[in-house]
1. Considering (1) surrounded by 20 or more Cβ atoms within 10 Å (Cβ to Cβ); (2) closer than 30 Å to residue 118 by Cα; (3) under 20 Å from the mean Cα position of the chain (by Cα), say which one residue 245 fails and leave the rest.
2. Against the condition in contact (Cβ under 8 Å) with a residue 60 or more places away in the chain and not in a loop (DSSP other than H, G, I, E, B), how does residue 188 come out, does it pass?
3. So, in the stretch 128-140, exactly how many residues are surrounded by fewer than 22 Cβ atoms within 10 Å (Cβ to Cβ) and in contact with a strand residue (DSSP E or B) (Cβ under 7 Å, 6 or more places away or on another chain)?
4. Can you tell which of 69, 84 is more than 30 Å from residue 36 (Cβ to Cβ), outside any strand (DSSP E or B) and touching a helix residue (DSSP H, G or I) at 6+ places or on another chain (Cβ under 8 Å)?
5. Please specify each residue of the stretch 26-48 satisfying the condition of being modelled with pLDDT under 65 and either assigned to a helix (DSSP H, G or I) or surrounded by fewer than 18 Cβ atoms within 10 Å (Cβ to Cβ) (or both).
6. Considering only residues that are over 16 Å from residue 303 (Cβ atoms), in contact (Cβ under 8 Å) with a residue 40 or more places away in the chain and not in a helix (DSSP H, G or I), which ones fall in the stretch 229-250?
7. Determine which member of the set 121, 155, 185, 181 is at pLDDT 85 or above and surrounded by fewer than 18 Cβ atoms within 10 Å (Cβ to Cβ).
């Protein structure tokens, strides 16, 4: 039995909702989560959704469709940017244009917002554009605002960025800087579908009509549920476990497993621990639970850490991938 479960058993008052929440709110969130999943499955076969991620996979695996369907189900605005080598930062954030009043001839600058001014942004094939343009997303992802022409413009909440990377064609691509990768909550490797799923994909996509996506939530409800998830309590030992997992990925840390020290060049930074706890809170709320547990942290560790760990040359030569390194860290922590 987990420490949280033992606490609930020993102290019935611990089963009471946390401040600002009640059982009906969590139940509504749980049912909405199931309904959104249903709408996604009506459009997409064999791929499970996540909430803010970098998707890595070959073309044709429904990454774009998944994101656009999610936006429709949540009644949110969505925009897509196709990243190319000639894309400029102003093509993302927007720019000032010179306007002239026909009657007076007076000229003035007016800011024209770019596609980043939306609720859900799809950065398609983000590794095809230079780092200078990739960096145009950093401020918006970190602060929810855009600076242009000496002015700062707030982005309307909620603001989520999904990005895709094509791992096949490497010519003309620019690997994402570590600072950019660290802004993403999750990295999801999108696999090929199973044979049965692929048959269903072909069947559905060749039908004359596709089912319409129903609106499950509106913007205000999404914001309310985001605030609810942020208030989910986390016991000190859960936070300590999240930090311990992150620190164990750093080769210079004494808690790092011995075999990892020669396979990891750089481990995850402090933002990984923040992401683990934020994601654990959301997972607990989506499942209708009043507190995040260690099991939530461990379940999400691979998604949170896999783009935050840099392998050493020896690991690359030996064919040891990042998910395997994370599994070894978790196995070591399981024995602690």
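The values are calculated or read from the model by the stated rules, or taken from the named source; none is laboratory data. Source: prediction; values computed, not measured. As a convention, Cβ positions derive from the backbone with ideal geometry for all residues, glycine included, and neighbour counts pool all protein chains shown.
1. Tallying (1) surrounded by 20 or more Cβ atoms within 10 Å (Cβ to Cβ); (2) closer than 30 Å to residue 118 by Cα; (3) under 20 Å from the mean Cα position of the chain (by Cα), residue 245 fails exactly one: (2).
2. yes
3. Qualifying residue count for the region: 1.
4. Checking each option against the conditions leaves just 84.
5. Correct list: 46, 48.
6. Those that are over 16 Å from residue 303 (Cβ atoms), in contact (Cβ under 8 Å) with a residue 40 or more places away in the chain and not in a helix (DSSP H, G or I): 231, 232, 233, 234, 235, 248.
7. Testing whether each residue is at pLDDT 85 or above and surrounded by fewer than 18 Cβ atoms within 10 Å (Cβ to Cβ) leaves just 181.
This table checks each residue for (1) part of a loop (DSSP other than H, G, I, E, B); (2) out of contact with any strand residue (DSSP E or B) (no Cβ under 7 Å at 6 or more places or on another chain); (3) farther than 18 Å from residue 183 by Cβ.
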site: 216; (1), (2), (3): yes, yes, yes
site: 224; (1), (2), (3): no, yes, yes
site: 227; (1), (2), (3): no, yes, yes
site: 252; (1), (2), (3): yes, yes, yes
site: 268; (1), (2), (3): yes, yes, no
site: 290; (1), (2), (3): yes, yes, yes
site: 316; (1), (2), (3): no, yes, yes
site: 323; (1), (2), (3): no, yes, yes
